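Here is the structure we will look at, set down as structure tokens.
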Amino acid sequence: MKRFNRSLRKVILGMFMLAGYFLLQAQNQFTTKEWQDDLTFLQEKVHQEYPFLLKKITAEEFDTSVKELHKAIPNMAEHEIFAGLTRIIASFKYGHTRIGFRDSPIKLTQLPVAMYHFSDGMYVQGVHKDYPDALGAKVVAIEGVAINDVMKAIYPLVPSENDQFFKAYGVLYATSPEFLHAQGVTDSLKKSIQFTLEKEGKEFRVLINAGDFMAMPLEYGYMKAGDDWLQVRDSSKTPLYLKNLDKIYYYEYLPEQKTVYVRQSQIQDDPSEDIPTFYAKVFDFIENNEVEKLVIDVRLNGGGNNYKNKPVVTGIIETEKINQTGKLFVIIGRRTFSACQNLINELSNYTNAIFVGEPSSENINFYGDNREVQLPNTGIKTYLSFAWWQDKPQWEGGPWTAPHLAVESTFAQYTNNEDPVLDAALAFEDDDFIINPMNHLTNLFMSGNTVQLEADAVRLVSDPRYKFFDFEGEFNKAGYRLMEGNQLEEAIYVFTMNTQMFADSANTWDSLAEAYWKAGDLVKATEYYNKAIELDPKGGVGDNARSMLKKMKEGDPQK
């Protein structure tokens, strides 16, 4: 009898599972085979025509992710399959390579709340008028999940070239209920999402209902106030970077600072006058007036046509009056992308510009200019990059252009219309500022002035103005250059400095271990590889250290 009951339970359970499968298929627009065939089509298209995109992930990793999604499709709702496709395309980590949302047959919804990541946290910058209490609140959690964990869950969906790109665009994904469910933030698909918010030290909760995707009136990432929309900034005045946003560019003379300020938010011609005409006026004004500084603000500039950058760059080169260190400033940030990355690359190469603000959201050298690839069954549009843009040699490439002078905005500064980034440029004095920290430290090293080198290195690493300079990475590269030149004592000195300044980094200890191994000191090499494993027991550095220890035991003379 017990055996019969167990068998009956299995039959009933199987029937329910089968019924659930058929219900899921009935709810979906497309069959399992159509989805799987589209996925295979995308996979073959990438391998045949876009294999160069497989740089930040391997072909094997790409194929594994395709295989896993292919297997999971029969048991997924369509928004989950769509999210799976989004993850696969985002895994290339090129911002121009993306999936189309606006005209997708898989309709997404969005919560009518504009979040913005300020230096002191995530805040509600704008919201629909139905939720006034949420405006200006700090975001603590979504559906009970801490906001930092929400953003970690959302990260794989975003084609982020770097963390700045994610700061700029990740919030859009985090306000889609479909994506929140697909990424496990919610346990079911919900159209009403609970936000845990904080104001004046008090937490409260607001239930927000989703509406049409991308229906919010956003302008360069900020909510525009309107009849149905609220934005938190004091509207009695406007900072220069948000002024005249109906124009692609404009300039203003600041007589007190003897500075010309230019805000350019696209690499396109404004309908009122083209770029050459506009900048000719700017440089003419500079030449014929009492001007001591030029500030070009491209923190909102997401790109356009990089062939239009020439008048800007050549005009600065020809205007010797301001093409000097301490007189030319370029404000960059999390929306500085695409053709604007080309612009700041060229300004870096050919002018004396000092970059101020946050890093750019584009790799220094990058794949752009995408082609539309439409999936044959579902009609979903994907956009795959094909053009490689390289303005700098590969050894000067990197995840972003970092500012020489790091400045970020707090939530309070934004609401009060303060602009600490522009203020820093206007107040800049180069008496104690080092434009190229690594050149400075290298010169001290080459001259043998190790006392000053060590003191300056510690000072610069702790100076918030150099927040985005990759001291750890630069020291590591310098150590490897010395090691490759068989200057082992010097390499060990540099690697040791790196471990002292970045003691919690497994990579610094791994590099120091390698140098000692190459120098023949297996005792210290073993000690430092074990230190790397201790700091990164489950990560790639720890795996590498274990592999090196194994080779050492097997008698390999060096890595």
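A few points about this structure:
- Quotient of C-alpha Rg and 2.2 N^0.38 Å, computed over the chain: 1.11
- Cβ crowding within 10 Å averaged over residues, with 427-437, 392-402 ranked highest first: 392-402, 427-437
- Extension reserve of the residue 244-residue 227 stretch, reckoned as 0.36 nm per residue once the Cα distance is removed: 4.1 nm
- Between segment 141-164 and segment 453-474, the Cα center-to-center distance that results, in Å: 28 Å
- Look at 336, 382, 109 and count the other Cβ atoms within 10 Å of each Cβ; fewest to most, that gives 109, 382, 336.
- For residue 539, the amide hydrogen comes within under 5 Å of no other amide hydrogen, counting only partners 5 or more places away or on other chains and with H modelled in the peptide plane.
- With distances taken between every two different alpha-carbon atoms, segment 34-138 has a Kirkwood hydrodynamic radius of 16.3 Å.
- Segment 157-202 shape via C-alpha gyration tensor axes, a/c threshold 1.5: oblate
- Over the C-alpha atoms of segment 470-553, the Rg to Rh ratio, Rh being the Kirkwood estimate, stands at 0.94.
- Protection proxy ranking, peptides 198-208, 271-281, 323-333, average beta carbon neighbours within 10 Å, highest first: 323-333, 271-281, 198-208
- Euclidean distance between Cα centres, segment 516-559 to segment 229-295, Å: 55 Å
- With θ taken as phi - 60° and the Karplus curve 6.51 cos²θ - 1.76 cosθ + 1.60 applied, the whole-hertz 3J(HN,Hα) list for segment 415-427 is 5, 8, 6, 7, 10, x, 6, 5, 4, 5, 5, 5, 8 Hz, x standing for glycine and proline.
- Applying D = kT/(6 pi eta Rh) to segment 197-303, where Rh is the Kirkwood radius over alpha-carbon pairs, T corresponds to 20 °C and eta to 1.002 mPa s, the Stokes-Einstein value obtained is 127 µm²/s.
- Gain upon complete extension [residue 412, residue 519; 0.36 nm per residue less C-alpha separation]: 33.2 nm
- Residue 386 sits among other residues whose Cβ lies under 14 Å from its own Cβ, and their net charge, with Lys and Arg +1 and Asp and Glu -1, is +1.
- By the helix-only formula, in which each DSSP H run with n ≥ 4 contributes -39500 (n - 2.57) and the sum is divided by residues, the chain has a 222 nm mean residue ellipticity of -13500 deg cm²/dmol.
- The chain - share of DSSP beta bridges that are antiparallel (%, nearest 5): 75 percent
- Between amide H atoms placed 1.01 Å from N, distances below 5 Å from residue 122 occur with 139, all of them 5 or more places distant or on a separate chain.
- Each principal axis of the Cα cloud of segment 421-535 was evaluated for its coordinate range; sorted largest first, these ranges are 53, 32, 21 Å.
- Across the chain, C-alpha contacts under 8 Å between residues 6 or more apart give a mean separation that, scaled by the residue count, equals a relative contact order of 11 percent.
- Inter-site label distance for residue 486 and residue 130 at 7 Å from Cα along Cβ, in nm: 7.4 nm
- Rounded to the nearest whole Hz, the Karplus-based 3J(HN,Hα) values (6.51 cos²θ - 1.76 cosθ + 1.60, θ = phi - 60°) of segment 246-263 follow the sequence 6, 10, 5, 8, 7, 9, 8, 8, 10, x, 5, 9, 6, 10, 9, 10, 10, 10, with x at glycine and proline.
- Taking each residue as 0.36 nm, the span from residue 272 to residue 252 lengthens on full extension beyond its C-alpha to C-alpha distance by 5.5 nm.
- Karplus-derived 3J(HN,Hα), 6.51/-1.76/1.60, for each residue of segment 386-400, Hz, glycine and proline x: 9, 9, 8, 10, 10, 8, 10, x, 4, 6, 9, x, x, x, 6
- If you wrap the tightest convex hull around every Cα atom of segment 109-231 and split its volume per residue, you get 97 Å³.
- Ordering of 464-472, 238-246, 291-299 by packing is 291-299, 464-472, 238-246, highest average first (other Cβ atoms within 10 Å, averaged per residue).
Read-outs throughout are calculated quantities, based only on the coordinates presented, and are distinct from any laboratory measurement. No experiment lies behind these values; they were computed from the predicted model shown. FYI the Cβ positions are ideal-geometry reconstructions off the backbone, even for glycines, and counts take in every protein chain you see.
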